[in-house]
Amino acid sequence: AGQQQIAAREKKSNDALSQKDGGGPQALVQRAEVEFLKGRFMQAFYLLDRLVHRDEANTQAWSLLGLTRARMQATEGFLSEYGALPAATDQGWDDLVKRCAASNLWDAAATYMGHAPGGNPELRLATLAQEYHQPQRAEDFLKKATEKAPNDPLPWLRLGDLAVQAKDLNRAGACLAEAQKRGASDDQLKPLRDQLGAPATPGAAPVQKIVN
């Protein structure tokens, strides 16, 4: 965030804290966000730690605390102390992973995703990387997915899509073949086949085309 944006958030936080009731938990979360944006991670941590211990179901404070601990390179400490609190809902984990990805803290995002409910963490991380326009990182996550689930065709189809976007049609065709070998259905194969101009008939030569 830019300096003007931080200053605006700080003013909003000060206004909330100056109210009779002190602005409540939301005002303290806003103050912690300001401290975080200013790079004062320890101050943010102290505020959020108090908030989370006061209200263990405060998902917003919990996810910001996880992000703060990630910035302090203390993800394992966060998991051991706060990972089982009521705030650790499906939505809480999702928010936390997205916050880390948005802050380019991908190692932390991967660590937290490994503890979040749901399967295929590498595929979900690859989706996030694509949302943040980081195709190489998405490819790295998808390659890990092929290693963890060697019989799953989906990572290969996703890799094929990335190859098409990079206009590397030979690589995309190889990914399509790998997905076929792993039993991908015709419905799963069709989008990539269509992008490549590849026929559904086994053994037929694909007609490659560039998709802009």
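The values are calculated or read from the model by the stated rules, or taken from the named source; none is laboratory data. Source: prediction; values computed, not measured. Quick reminder, even Gly has a Cβ in these numbers, built from the backbone with ideal geometry, and neighbours come from all protein chains shown. SASA here: full protein model, heavy atoms, side chains in, ligands and nucleic acids out. Shrake-Rupley method; radii C 1.70, N 1.55, O 1.52, S 1.80 Å.
Pull up the stretch 78-88, narrow it to residues that are among the hydrophobic types (A, V, I, L, M, F, W, C), open to solvent by 10 Å² or more (accessible area, probe 1.4 Å) and not in a helix (DSSP H, G or I), then point me to the one that is farthest from L64 (Cα to Cα).
A84
Just the residues that are farther than 22 Å from G39 by Cβ, open to solvent by 30 Å² or more (accessible area, probe 1.4 Å), in contact (Cβ under 8 Å) with a residue 12 or more places away in the chain and not in a helix (DSSP H, G or I), please, taken from the stretch 94-122.
Selection gives H115, P117, G118, N120.
Quick one: how many residues across the stretch 34-83 are touching a His at 6+ places or on another chain (Cβ under 8 Å) and among the small types (G, A, S)?
Number satisfying all stated conditions: 1.
Could you check the stretch 108-122 and list, in sequence order, the residues that are more than 10 Å from the chain's Cα centre (by Cα) and either within 15 Å of D161 (Cα to Cα) or not hydroxyl-bearing (S, T, Y) (or both)?
Keep residues of the stretch 108-122 that are more than 10 Å from the chain's Cα centre (by Cα), which gives 111, 114-120.
Correct list: G114, H115, A116, P117, G118, G119, N120.
Can you name the condition, by its number, that A149 falls short on among (1) open to solvent by less than 20 Å² (accessible area, probe 1.4 Å); (2) under 30 Å from R193 (Cβ atoms); (3) at pLDDT below 95; (4) aliphatic (A, V, I, L, M)?
The failed condition is (1).
I'd like the residue in the stretch 50-70 that is closer than 18 Å to R99 by Cα and not aliphatic (A, V, I, L, M) and, out of all such residues, is surrounded by the most Cβ atoms within 10 Å (Cβ to Cβ).
It comes out as G66.
Give the residue, chosen from Q30, Q91, Q73, that is closer than 29 Å to L162 by Cα and either among the hydrophobic types (A, V, I, L, M, F, W, C) or open to solvent by 20 Å² or more (accessible area, probe 1.4 Å) (or both). Explain how you work it out, then say what you get.
Values: Q30 fails: closer than 29 Å to L162 by Cα; Q73 fails: closer than 29 Å to L162 by Cα.
The conditions single out Q91.
Looking at the stretch 125-138, which of its residues are at negative phi, surrounded by fewer than 18 Cβ atoms within 10 Å (Cβ to Cβ) and not hydroxyl-bearing (S, T, Y)?
E131, Q134, P135, Q136
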